[in-house]
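The values are calculated or read from the model by the stated rules, or taken from the named source; none is laboratory data. Keep in mind the model is a prediction, meaning the values are calculated, not measured. A quick note on method: Cβ atoms are made from the backbone with ideal geometry, for glycine too, and the neighbour counts reach across all protein chains shown.
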Amino acid sequence: MKNAKISLKLKFLGQDLAGKKEMFKKKSPPPATTTISKKDPVSKTADTMIDPLIFRCGIKGFECVPFESIGIFEKMISTSPKMKILFEQIKRVARSDSSVLIRGETGTGKELVAKALHENSKRKTGPFRAINCATLTPELLASELFGHVKGSFTGAIQDRQGLFSLADQGTLFLDEIAELPLDLQARLLRVLEEREFIPVGGTQPISVDVRIIAATHKSLRAEVEGKRFRADLMYRIRVIPLYLPPLRERDQDLLLLMHYFLMLYQNKSDRKVSSIAQDALIALLQHPWHGNIRELKNVVEYILTMGEGSEILIQDLPPEFRETSIESPLSNISSNPHATEHMILAKSLIPQDQITLHLKNQEKTKILLFLEQENGRREKVAQRLGISRATLWRKMKDYGIS
Ligand SMILES: Nc1ncnc2c1ncn2[C@@H]1O[C@H](COP(=O)(O)OP(=O)(O)OP(=O)(O)O)[C@@H](O)[C@H]1O
Ligand SMILES: [Mg+2]
């Protein structure tokens, strides 16, 4: 009956949100190129500007982040000292023309940093062009970057300008630079050294004045050691390295950003929320957030789309939040080397006895579920939980499971 209700609601939302199909996707593939120029203002292509007034009447459960601790820079918001240092670095680096390499996990805001560098530089009146080096074949990538002349390959029916020409006097953002094929790495190095290039199939060099900002989620040093990336190119593009910490290392940013996106998106949603249940808050704080801020935005959309009522409940969260690992309970964080800052925060925010009770309930439910699925075979259950049979036996005894 409940499932029928959910599918009905989804069907309804599917009609209502025509054209917003990406809402239910985990991660949509990034477009190969993006542009900002003065004719095409930032506000049209990037996210909404941050409005601190959005927190005026907040959501109960998130109010622990002190308003005074919030730092805002361009389209980024953070309460983490690490991010505030980064904001200062961006301002300083933006003034120079040096090549910058931004390193950070997926969804941490690398493109936002690249745009912030451009917008704060003397090139801001020029174009900002971006390309994702991981999404095109080597041939297409070469043509995108350097352009081509008519007839240089099948399908080249006319001359085409490449991004190096189009970004002249501006900034070119090379996303996922570690994926650039080796022969294109050699050509890129030449452009950086000589400030000119020859289009695919062409003979005449073209001079350009472009600032390069690159990004990667990989260690370029490891790529160089593995002979997948040229050392000379790494030194050229890594003049100023900037590091974007993952969400789990940014103190209270999870709560701040969750609060921020909830307040922002609920204006456009049918659902209005005013509080969050404690078990839902714990589940959010315990989640590893490997997809970082992009994942967080998706979760907010999921909550506002799938849930009902003014309180965010645990069942409003995506399924993976309802299967928290019993291997990293909050009650053990002091001895857990993988404890994230969010888990430490959760411990300080929520009374210890409630955390313990919540985790015990979760653990008991999981053991009962696995026992049922494995037809009572304790060895299998212990294996799935990653604990010994003796530990499983002790836990079953504690929980009164026979
Ligand atoms: N500090 C922040 N404040 C507000 N929004 C943010 C912040 N950081 C990132 N975002 C938002 O999170 C999303 C992901 O950011 P972005 O695309 O810049 O990440 P990325 O590191 O380039 O990701 P990928 O590695 O997948 O290309 C975007 O919608 C961006 O606007
Ligand atoms: Mg990106």
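The single residue among I72, I54 that is in contact (Cβ under 8 Å) with a residue 60 or more places away in the chain and surrounded by fewer than 19 Cβ atoms within 10 Å (Cβ to Cβ) turns out to be I54. Every test in (1) in contact with a Gly (Cβ under 7 Å, 6 or more places away or on another chain); (2) surrounded by fewer than 21 Cβ atoms within 10 Å (Cβ to Cβ); (3) not hydroxyl-bearing (S, T, Y) is passed by R95 save one, and that test is (1).
The condition (being surrounded by fewer than 18 Cβ atoms within 10 Å (Cβ to Cβ) and within 30 Å of K82 (Cα to Cα)) is satisfied by just one residue among K150, K110, K115, K122: K122. Going by what's in this entry, would L192 be described as outside the structural domain of N120 (by TED's automatic domain parsing) and modelled with pLDDT under 95? So L192 fails the test.
Any chance region 174-192 includes a residue that's on the phi > 0 side of the Ramachandran plot, touching a Cys at 6+ places or on another chain (Cβ under 8 Å), part of a loop (DSSP other than H, G, I, E, B) and surrounded by fewer than 21 Cβ atoms within 10 Å (Cβ to Cβ)? There is at least one residue in region 174-192 that is on the phi > 0 side of the Ramachandran plot, touching a Cys at 6+ places or on another chain (Cβ under 8 Å), part of a loop (DSSP other than H, G, I, E, B) and surrounded by fewer than 21 Cβ atoms within 10 Å (Cβ to Cβ). Of all the listed residues (Y243, Y260), the sole one being among the hydroxyl-bearing types (S, T, Y), closer than 24 Å to E320 by Cβ and either at pLDDT below 95 or within 16 Å of ligand 1 (Cβ to nearest atom) (or both) is Y260. For beta carbons closer than 7 Å, sequence separation of 6+ or different chains, a first residue in region 291-311 that is in contact (Cβ under 8 Å) with a residue 40 or more places away in the chain and a second that is among the β-branched types (V, I, T) and away from ligand 1 (no atom under 12 Å from the Cβ), the qualifying pairs are I303/I312.
For region 266-302, filtering for residues that are part of a loop (DSSP other than H, G, I, E, B) and among the aromatic types (F, W, Y) leaves 1. The residues in region 67-101 that are over 27 Å from G170 (Cβ atoms), among the polar types (S, T, N, Q) and assigned to a helix (DSSP H, G or I) can be counted, and the count is 1.
Selection of region 104-135 for residues being outside any loop (DSSP other than H, G, I, E, B) and within 12 Å of ligand 2 (Cβ to nearest atom) yields G104, K110, E111, L112, V113, A114, K115, A130, I131, N132. L357 meets each of the listed conditions (1) at pLDDT below 85; (2) touching a helix residue (DSSP H, G or I) at 6+ places or on another chain (Cβ under 8 Å) apart from (2).
If the condition is being within 16 Å of ligand 1 (Cβ to nearest atom) and among the acidic types (D, E), then region 157-215 contributes D175, E176, E179.
Could you list, in sequence order, all residues of region 234-265 that are part of a loop (DSSP other than H, G, I, E, B), in contact with a helix residue (DSSP H, G or I) (Cβ under 9 Å, 6 or more places away or on another chain) and more than 19 Å from I70 (Cβ to Cβ)? Answer for region 234-265, where residues must be part of a loop (DSSP other than H, G, I, E, B), in contact with a helix residue (DSSP H, G or I) (Cβ under 9 Å, 6 or more places away or on another chain) and more than 19 Å from I70 (Cβ to Cβ): R238, P246.
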